[in-house]
Amino acid sequence: ADGNSTLYVEAVNHLKQLVATINTSIPACHGGTATTHYCGRTNEITYDPLHDLIFVQNPSPLAVAAPHGAIDTYATFISARAPYHIVGTIAFKDRRGQEAPLWDPGTRRIVTAVSGRQVVAGGVVTELYHQYVAVINPRVRPFVVEKQFDIDCTALGIVGAVTPANPTGRQFGINDPALGRHQHMVIPACGRPIIMNAATGAFINTGITQVAGGNETTYGSGDGNFYTAVGNVLGVIDARTAQWMQNVPDTGGANPAAFAERNYIFTIVQASANRTACTPFGYQTTGCITVFGHRGTARDHDDGDEHHGERDGDDDD
């Protein structure tokens with residue numbers, strides 16, 4: 001995914017070989033010329049292997065007409081088979097942002113995190129739209145939201161600072177979810193990691209305060225943990241029990257990614273003038289990728305699934 005509402009298809013074995021270029025613009029944000037293009041960037045992607053579809057987000061499109069205000073966030077479904085034609089689009093009414101979508105093999109649905117917003121006039125909230133997780137059945141055309149799992153931070157007892165721009169202290173913004181094998185999903189929302197049931201939308205745990213929600217999250221299918229990197233720590237959450245387990249120091253770390261075969265977790269640390277997790281290794285001024293592993297005996301998840309890479313005595317520090 002790239003700027004200008006563009007999606008590129010490249011050959012895996014020949015990364016310099018461009019196979020196709022797909023424009024995901026829609027008339028609501030594209031006036032038909034290079035100077036009237038306001039659909040913004042395409043962002044995050046998921047793949048539906050059952051229906052061979054690519055789902056890609058346009059999180060922040062703007063109106064063609066001046067003053068080019070924000071319009072409904074939308075996403076595009078693209079065939080994963082050549083010639084990679086656009087199958088359809090879906091818009092999320094009155095919402096202004098999205099984060100990482102997921103293909104859920106358990107429900108055979110695509111889920112995508114949709115940001116909420118409120119409109120304030122004269123110190124009074126005149127419009128309120130909750131953040132939510134949208135559930136989409138790829139078999140239904142035209143594409144629609146089949147279920148909507150609202151996340152009302154205030155109803156959950158999670159509020160922020162009261163300001164003239166936010167007289168209710170409501171928190172908004174929903175970030176990248178990660179899905180575990182138990183149909184548990186972690187949603188960084190309301191400033192913390194919220195654990196939900198991906199099939200029903202039921203809240204499993206909204207009380208994790210030891211680590212913030214962060215931005216991107218990941219699921220380690222080898223060890224059965226969710227990971228979030230924020231506030232200079234790597235947070236570890238048991239995906240099965242939905243309980244926080246540990247914070248590991250990771251100064252400057254962000255956007256964790258799991259490698260199940262060795263139970264490694266990677267985070268990105270940018271170059272900095274100040275001390276970071278890269279400093280002890282001599283990479284503070286260039287940035288680095290940190291690698292975390294396990295020490296000791298692997299846990300037994302008692303879930304009947306294969307433990308990829310989990311072997312006693314084979315874990316690394």
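The values are calculated or read from the model by the stated rules, or taken from the named source; none is laboratory data. Model, not experiment: these values are computed from the prediction. Ideal geometry is used to build each Cβ from the backbone, glycine not excepted, and the neighbour counts take in all protein chains shown. Note: accessible area is taken over every heavy atom of the protein model, side chains too, but ligands, DNA and RNA are not part of it. Shrake-Rupley method; radii C 1.70, N 1.55, O 1.52, S 1.80 Å.
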Please verify whether region 144-161 includes one or more residues that are open to solvent by less than 10 Å² (accessible area, probe 1.4 Å), modelled with pLDDT of 95 or more, under 17 Å from the mean Cα position of the chain (by Cα) and not acidic (Asp, Glu).
-> no
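Rundown of residues vs (1) at pLDDT 95 or above; (2) under 28 Å from the mean Cα position of the chain (by Cα); (3) open to solvent by 30 Å² or more (accessible area, probe 1.4 Å), yes/no style:
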| residue | (1), (2), (3) |
| --- | --- |
| Asn263 | no, yes, no |
| Ala271 | yes, yes, yes |
| Thr279 | yes, no, yes |
| Thr286 | yes, yes, yes |
| Thr290 | yes, yes, no |
Among Ala66, Ala82, Ala20, which is the only one that is surrounded by 12 or more Cβ atoms within 10 Å (Cβ to Cβ) and either over 21 Å from the mean Cα position of the chain (by Cα) or outside any loop (DSSP other than H, G, I, E, B) (or both)?
-> Ala20
Name the residues in region 240-251 that are open to solvent by 40 Å² or more (accessible area, probe 1.4 Å) and either touching a Ser or Thr at 6+ places or on another chain (Cβ under 8 Å) or assigned to a strand (DSSP E or B) (or both), would you?
-> Gln243, Trp244, Met245, Gln246, Asn247, Pro249, Thr251
Scanning for something more than 25 Å from Phe149 (Cβ to Cβ) and surrounded by fewer than 12 Cβ atoms within 10 Å (Cβ to Cβ), does region 87-96 turn up at least one residue?
-> no
Would you check which residues across region 123-181 are among the hydrophobic types (A, V, I, L, M, F, W, C), touching a residue at least 40 places away in the same chain (Cβ under 8 Å) and assigned to a loop (DSSP other than H, G, I, E, B) and list them?
-> Phe143, Val144, Leu156, Ile158, Ala165, Phe172
Conditions: (1) farther than 29 Å from Leu50 by Cβ; (2) more than 22 Å from the chain's Cα centre (by Cα); (3) in a strand (DSSP E or B). Gln118 meets all but one. Number of the miss?
-> (2)
